[in-house]
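Notes follow once the structure below has been shown.
The values are calculated or read from the model by the stated rules, or taken from the named source; none is laboratory data. Quick caveat: nothing in here was measured; it's all calculated off a predicted structure. Because the Cβ atoms are built from the backbone with ideal geometry, glycine has one as well, and the counts that use them run over all protein chains shown. For accessibility, only protein heavy atoms count, side chains too; no ligands or nucleic acids. Shrake-Rupley method; radii C 1.70, N 1.55, O 1.52, S 1.80 Å.
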Amino acid sequence: MSFFTSLSGLKAAQTDLNVISNNVANTNSTGFKKSRAMFGDLFAAAPTQTTKTVAGQGVRLSGVSQQFTQGTLQATDKTLDLAIAGDGFFAVRGQPPRQDTTYTRNGAFSVNNQSEVVDTIGSKVQLLPVDATGVVTSTSPTDMFDFILPQTDPGDPTALLNNISINGEGVVSATFSNGNQLNVGALAMASFPAIEGLRPTGDAHWQATGDSGPAQINQAANGPLGQVRTGSLELANVDITEELVSLIAAQRNFQANAQAIETASTLSSTIINLQV
């Protein structure tokens, strides 16, 4: 039995090492959220047995829990570099044919050759409609639309785009060469009833699941969504010192379980030799 108990410990330590290694590897990944392996003990006993004489049967993986704590905000010189000071996510929509909606904390946005504002994997940033004063008129996910930079003033095609600004509530304003201003929309922000239930898809993107609950869409500065910081990016929430200490502990755990297996093997060999 000790073989299987120690083997479960080896597998658990290996999983812990994998999770910690992934955290360390993504220290410089913008918007990355670290994870932590959660374990529980294995114990089984018949109703007629006394639990005072039954040993545990090892350890099992309960799950890998994501840690959505706030990362450090780093200032940049780019207007479309956006960070969230809060718990919200940017809503983005993939390219055809799937066009699936995902959510990200990586606000390193840029403009493609079709004047669309996209993220690092080419997904299009989503906006909510606003009125002339910048007040959001609908928070329904079906009313979200792609963030496209207007190249000219809709009322004066000869007036070219001069500047784009985004305030703390995520309202995007365009200024044209004739001095006119246009509120293009407000960044669509998402929150979830159970954030730990989100499914990671890579590149600091997540999808909603049954465990997380559906996305609740609104503009920034509402509830837990937080405010938008333009000219900033959120760094990974990984403390490299803490991860290295955890890495040493996981390595010691692995070595201890390996030693327990070796000890059990020696005992088994000794008993077999005595019987012979």
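Results, tabulated for the structure shown:
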| item | result |
| --- | --- |
| For the chain, with +1 on Lys and Arg beta carbons and -1 on Asp and Glu, the positive-most of Phe254, Leu235, Ser138 along the dipole | Phe254 |
| Packing-based ranking, highest mean first, of 69-80, 142-153 given that Cβ atoms within 10 Å are counted | 142-153, 69-80 |
| Within the accessible area of region 199-276 (1.4 Å probe), percent carbon and sulfur | 55 |
| Unit charges at the beta carbon, dipole of the chain: most positive-side option, Val184, Ser8, Thr209 | Ser8 |
| Carbon/sulfur fraction of accessible area - region 35-136, other protein chains in place, 1.4 Å, % | 50 |
| Net charge, Leu247 excluded, C-beta distance under 14 Å - Lys, Arg +1, Asp, Glu -1 | -1 |
| Degrees, to the nearest 10: 2-25 long Cα axis against longest axis of the chain | 20 |
| Built amide H within the under 5 Å cut-off of Leu42, gap 5+ | Gln57, Gly58, Val59, Arg60 |
| Options (1) 22.0; (2) 17.8; (3) 20.1 - which one matches Kirkwood radius over Cα pairs in Å as calculated here | (1) |
| Point-charge dipole on Cβ atoms (K/R +1, D/E -1) for region 138-276, about Cα centre, debye to 20 | 260 |
| Structure-based [θ]222 nm, the chain - -39500 (n - 2.57) summed over DSSP H runs of at least 4, per residue, nearest 500 | -8000 deg cm²/dmol |
| Value of relative contact order over the chain, rounded to a whole percent, pairs C-alpha under 8 Å and six or more apart | 26 |
| Ranking by accessible area, most exposed first, for Arg105, Arg60, Arg98, Arg93 with a 1.4 Å probe | Arg98, Arg60, Arg93, Arg105 |
| Solvent-accessible area per residue for region 87-136 (1.4 angstrom probe, square angstrom) | 41 |
| Cβ-defined net charge surrounding Ser123, 14 Å radius [Lys, Arg +1; Asp, Glu -1] | -1 |
| Angle between the chain longest axis and helix 240-275 axis [Cα atoms, degrees, rounded to 10] | 20 |
| Debye, to nearest 20: dipole size of the chain, +1 on Lys, Arg Cβ, -1 on Asp, Glu Cβ | 960 |
| Per residue accessible area in Å² of region 145-276, where ligands, DNA and RNA are left out and the probe is 1.4 Å | 53 |
| Total charge dipole magnitude, region 67-115, about the Cα centre, Cβ charges on Lys, Arg, Asp, Glu only, Debye to nearest 20 | 140 |
| Solvent-accessible area per residue, Å², over region 12-57 with all protein chains present [probe radius 1.4 Å] | 60 |
| Relative contact order computed over region 1-135 (Cα-Cα under 8 Å; 6+ residues apart), in percent | 19 |
| Residues of type aspartates and glutamates that Lys34 reaches as a straight line, Cα spacing below 20 Å, ignoring anything fewer than 8 places off in the same chain | Asp16, Asp87, Glu196, Asp203, Asp211, Glu234, Asp239, Glu242, Glu243 |
